[in-house]
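Quick note: the coordinates plus some simple rules give every number you see, no bench work behind them. All figures in this text were calculated on a predicted structure; none of them were measured in a lab. Counting neighbours? That spans all protein chains shown, and the Cβs are built from the backbone with ideal geometry, glycine included.
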């Protein structure tokens, strides 16, 4: 398996506070990797460093063999890395349809887009997407009135509209009901294989549902990595994260 | 599926056509020179409000510096008109320069011997300035209230410059070209119907162009940036680039406003670079509805109309009255007058949409 994303010895510090401390990660094509760890372990910072939202202090990030760590956010996105935020971010004043419409687009330049009026360019892909995230009958609703779960799905749909080869998902089920979480896991399982995903998640039942291999972070370092059954038995993992009673 | 008539694009276009048609026929019914001049001034100010609506209402960039483009263009137009009056042989320099002990025409003024060149400079300089200023701000990701502060400071800088460079700008007195603007040998009397129609044509053309632009994908992305710039950035768009473009377009519209203003007023002074004008433009847009170009135009005509016809006593405290209007709008009509119309039309839904609503309501439950 060739690695799509190769993170080596990644470091990030704010002044004397080290947040990510020599973290390494290798994710193969088509894999779904879960990133676990207690609060403050540096998971979201890692996502930010990969996506270019923050600048690394050291280490390398190779995507498809190219060092992307000096590129700006939109250039990294155009290389094929999609990012979903921890706090769902959608365009609240625009309709669900327009949200997806903005997300879809081969041409990203302002002058090119001044002459784009037809909505047909994305239609087939649009229908597939609306079906996948299950917002078919909510297309003309303004995104600001969607429920929390729907907002999360809409953002996932927006990221998918660009057809990224690597998806970074930061706590996609945060705040979701059990039913909504189940639906999300179905969406993720449908994505596996065709897309490569890195998912930061706390919800263990959700992780069990979707994950192949999980990576556990602690204090900015990689603590352990392996199949979920092995991780549940791993003593150091249990100690820092899962609690002595095991996984709930 | 479109439910509210307010959101129906055809209905929107019909409203714009109706508005401009109504404005265009005014001289046929009331050929009153004073009234036409007054309305032409409002039309110029309405362009300024449209520029605010575009950049603030749609782009989410609260610019208090729209007066920079307005004022620079106003000076450019006044200089063009002044030089139309001067004669290269007998009377080569404006009289105010003589009193300021200038003996030759400054280099800054030389291009204005040519009217076409003068007009190009009048519109190009403010637009180019907005591009440069925009790049400076948006590359550095200045946003929110800091944009307001920076644009305000820049406006203040231009104001002092116009005020202090007396030999070039006549300082506080301002420039009053003795003759009306002459285009291709035809003088355009500021109190005539043609001058009025030129202003209305500018307003209509700029508004319609802006409206089309906002309906394109570019417009959608600009509005998306207003809602969440970070999300747009992570969809692969260069946010700063879009912001610079929309800021520059708004600067161009404000420059057209300044040009038309001086054409019908025949006078420019540092007051056009004063903070009160730029802030007033924000209030006009807010009163009418900043998220609608139509609303911005209505707001400009309405507020300026009220200002012209209130008694002398209220005139003294007009800025306070304007502030009160602004606070009232922010509190009670956050989407302005057109937002009020939107809310009314909300209740006039098309019948067949109702089952859909109840269906999704059931699913939610």
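Comparing B:263, B:179, B:83 in a Gaussian network model of chain B, where Cα atoms under 10 Å apart are tied by springs, the biggest mean-square fluctuation is seen for B:179.
For helix A:148-161, report the angle its Cα long axis makes with the longest principal axis of the Cα atoms of chain A; keep it between 0 and 90° and round to the nearest 10°. Compared with the principal axis, the helix lies near 80 degrees. Estimated from the Cβ-Cβ distance and a Förster radius of 45 angstrom, the FRET efficiency linking residue A:106 and residue A:186 is about 0.95.
Taking the longest Cα principal axis of chain B as reference, the axis of helix B:293-309 is set at about 60 degrees. Our note on the geometry: Cα centres of the range A:1-44 and the range A:78-98, 23 Å apart. Taken over the C-alpha atoms, chain B has Rg and Dmax values of 22.0, 85 angstrom.
Classify the range A:23-77 as rounded, prolate or oblate from the Cα gyration tensor: take a ≥ b ≥ c as the square roots of its eigenvalues, call it rounded if a/c is under 1.5, otherwise prolate when a/b beats b/c and oblate if not. Taking the square roots of the gyration eigenvalues as a ≥ b ≥ c, the range A:23-77 is oblate. When A:21, A:127 are arranged by Cβ crowding within 10 Å, least crowded first, meaning fewest neighbours, the order is A:127, A:21. Label-to-label distance, residue A:62 versus residue A:115, with points set 7 angstrom from Cα along the beta-carbon direction: 4.1 nm. When the helices of chain A are scored as -39500 (n - 2.57) per DSSP H run of n ≥ 4 and the total is divided over every residue, the value at 222 nm lands at -9000 deg cm²/dmol. I need the fraction of alpha carbon pairs in the range B:149-306 separated by more than 27 Å, rounded to a whole percent. The calculated P(r) of the range B:149-306 puts 38 percent of pairs beyond 27 Å. More than 26 Å apart: what percent of Cα pairs in the range A:3-242 qualify? Cα-Cα pairs in the range A:3-242 separated by more than 26 Å: 39 percent. The range A:145-164 and the range B:218-243 have Cα centres spaced 17 Å apart.
What is the angle, in °, between the Cα long axis of helix B:275-288 and the longest principal axis of the Cα atoms in chain B? Nearest 10 is fine, range 0 to 90. On a 0 to 90 degree scale, this one is about 30. From helices alone, chain B scores -22500 deg cm²/dmol at 222 nm; the rule is -39500 (n - 2.57) for each run of n ≥ 4 DSSP H residues, then divide by the residue total. Applying Stokes-Einstein at 10 °C and 1.306 mPa s to the Kirkwood radius of the protein assembly as shown, computed over alpha-carbon pairs, gives a translational diffusion coefficient of 58 µm² s⁻¹. Of all DSSP beta bridges confined to the protein assembly as shown, the antiparallel ones make up roughly 60%.
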